[in-house]
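The values are calculated or read from the model by the stated rules, or taken from the named source; none is laboratory data. As the structure is a prediction and not an experimental result, all values here were calculated from the model. Note that each Cβ is placed from the backbone with ideal geometry, even for glycine, and that neighbours are counted across all protein chains shown. The accessibility values were calculated without ligands, DNA or RNA, using every heavy atom of the protein model including side chains. Shrake-Rupley method; radii C 1.70, N 1.55, O 1.52, S 1.80 Å.
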Amino acid sequence: MKRHVRRLSVLLAAAVALLGVAVPEARGIGFPIAKIYWEYNSSANDLGVHVFLDAEDWRTVKIVHPDGRTIFEVEGKGPYAELGLTELFFEGAEPSLDDVPLEELLELFPDERYTFIGETVDGHRLTSRPTLSHAIPAGPSVSATVNGNTVVISWTEVTGPPEGFPDEDINIVGYQVIVDPFQVTLPASARSVTLPPEFASSLGSGEHDFEVLAIDASGNQTITEGTFQK
């Protein structure tokens, strides 16, 4: 299935806090949150780079590639230029690895520091330099059992990268389960979750999609898609 579930940036911020994913230190005044990370869909075999940042009342933001090129830039206009902005989350395109080789994507986005530069509405400069890691976790194997309104989604432990990916150490800090619109982020020790009965009872009869994400300490995450019948 084409992934239709969009993680809201506020939920991502909550996951950062819950899982203790490190936010790299900034030089000078930094972004409280500045993340650049890979998202791999092991079911669709596609891969892309996502960005999430947060700071109070910024007017401009740009991201500088390790080779010195500006690869993203945004500026608030009109009332946004006066009042400023806060959170920003965007997903880069996620080409299939059947069409764009893994090596090519990794070369486009090397495992180095990227510079986030912003300016607030009152003229203060923001600078953070997060690292984009190539430690990309494998996708968990997933399953679901249904007994009336009791729906249990389970997954296997993830301990390494997908076959053919860089042989980097993987340190899973949590798993996120999504059955749109229900979402929950659980610690690395978790292997299953039972959907709240009130939510499960609201699901109609038929097939329902779900996702389980394995989240690495680097911030990189991998999705496995599944379905259950109710």
Legend entry - Of all residues in the range 166-186 being open to solvent by 50 Å² or more (accessible area, probe 1.4 Å) and not acidic (Asp, Glu), the one that is nearest to residue 109 (Cα to Cα): 171
Legend entry - Top-ranked residue of the range 113-131 - restricted to ones that are in contact with an Asp or Glu (Cβ under 9 Å, 6 or more places away or on another chain) and polar (S, T, N, Q), ranked as farthest from residue 84 (Cα to Cα): 131
Legend entry - Residue identified as over 25 Å from residue 67 (Cα atoms) and of a type outside the set (A, V, I, L, M) among 154, 133: 154
Inset, instruction - Within the range 194-230, work out how many residues are of a type in the set (A, V, I, L, M, F, W, C), open to solvent by 20 Å² or more (accessible area, probe 1.4 Å) and either under 20 Å from the mean Cα position of the chain (by Cα) or over 30 Å from residue 35 (Cβ atoms) (or both). - result: 2
Legend entry - Within the range 84-101, tally of residues that are under 15 Å from residue 118 (Cβ atoms), open to solvent by 40 Å² or more (accessible area, probe 1.4 Å) and aliphatic (A, V, I, L, M): 1
Inset, instruction - Starting from residues that are in a loop (DSSP other than H, G, I, E, B) and either polar (S, T, N, Q) or modelled with pLDDT under 95 (or both), keep the ones in the range 133-151 and report whichever is farthest from residue 192 (Cα to Cα). - result: 133
Inset, instruction - Considering every residue within the range 69-84, establish whether at least one is within 19 Å of residue 166 (Cα to Cα) and in contact (Cβ under 8 Å) with a residue 24 or more places away in the chain. - result: no
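Is there a residue in the range 85-107 that is over 30 Å from residue 31 (Cβ atoms) and at pLDDT below 95?
So far as the range 85-107 goes, no, none of its residues is over 30 Å from residue 31 (Cβ atoms) and at pLDDT below 95.
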